[in-house]
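The values are calculated or read from the model by the stated rules, or taken from the named source; none is laboratory data. Every value quoted in this text rests on a predicted model; they were computed, and no experiment measured them. Accessible surface is based on the protein model in full, side chains and every heavy atom, while ligands, DNA and RNA are left aside. Shrake-Rupley method; radii C 1.70, N 1.55, O 1.52, S 1.80 Å.
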Amino acid sequence: MASLGTEYLASGFPTLEDLVWHADSVCLLVLDAEGCILRANRAAHRALDPLVAGEPIWKLLTGGGASVLREQLREACTAPVRGVQLNFSNGSSYALTLSCSIGWSGESYLLLGEALVERDQRTRQELLDLTRELVESNRERAKVATELERTLAELRSSHWHIRRIQEFLPTCCVCQNVRVTPGEEGAAWKSLSSFLAEHGLLMSHGYCPACQARVLAELDAEFPDG
């Protein structure tokens, strides 16, 4: 019997070629109606080496896999079968379990299998990626929550200031500084100009008519010849 070399690439199943014929992790075996191997892709050659054309696939199965596969092949004649776990071994160089899907093309069986170890590794990697995304999402949520708390604190403070301004502005009767925090003891005070600037109000300076007359009179008295 001829060894299954690279000749399998030159024939058969163009509809599958783009999907799994050159796949690195999915094994594709084409079996005749008697369960003998017709062709295989590169992944199958690596995992189940050596494969021999015309060899019954039953010889590669262990642990009752031959009877399981015979039953699944019969079912596959009417509808595709998925999730069949088959144990493969040549008794020396490899022993692995493939999770297989089986279909009937009308002339031959198509058996697609993925090693459970590789599938589990991919699943673990996907879980790790999801965990990293969740951690990053939680960090963003915590950051947003902190920013929200800060904004709420500013709003509460602003609300207190607005109420104070609406009712009355607490100022010192001597220096005219403004109390900017609630309470009497330990309260913070700021100058009126600083308080207004923090709330978007800037002060400009000039003279009212009465002060203007008083200042001019004082200048005339101090500098009579000016």
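The figures follow:
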quantity	calculated
Convex hull (Cα only) mean projected area of the range 39-86, reported in nm² to one decimal	3.9 nm²
Difference of contour (0.36 nm per residue) and Cα-Cα distance, Cys172 to Ser89	20.5 nm
Extension gain (nm, one decimal) between Glu218 and Ala53, 0.36 nm per residue minus Cα-Cα	47.4 nm
Additional length obtainable on full extension of the chain from Arg42 to Leu192, 0.36 nm per residue less Cα span	45.7 nm
Heavy atoms of Trp104 accessible to a 1.4 Å probe, total area in Å² rounded to 10	90 Å²
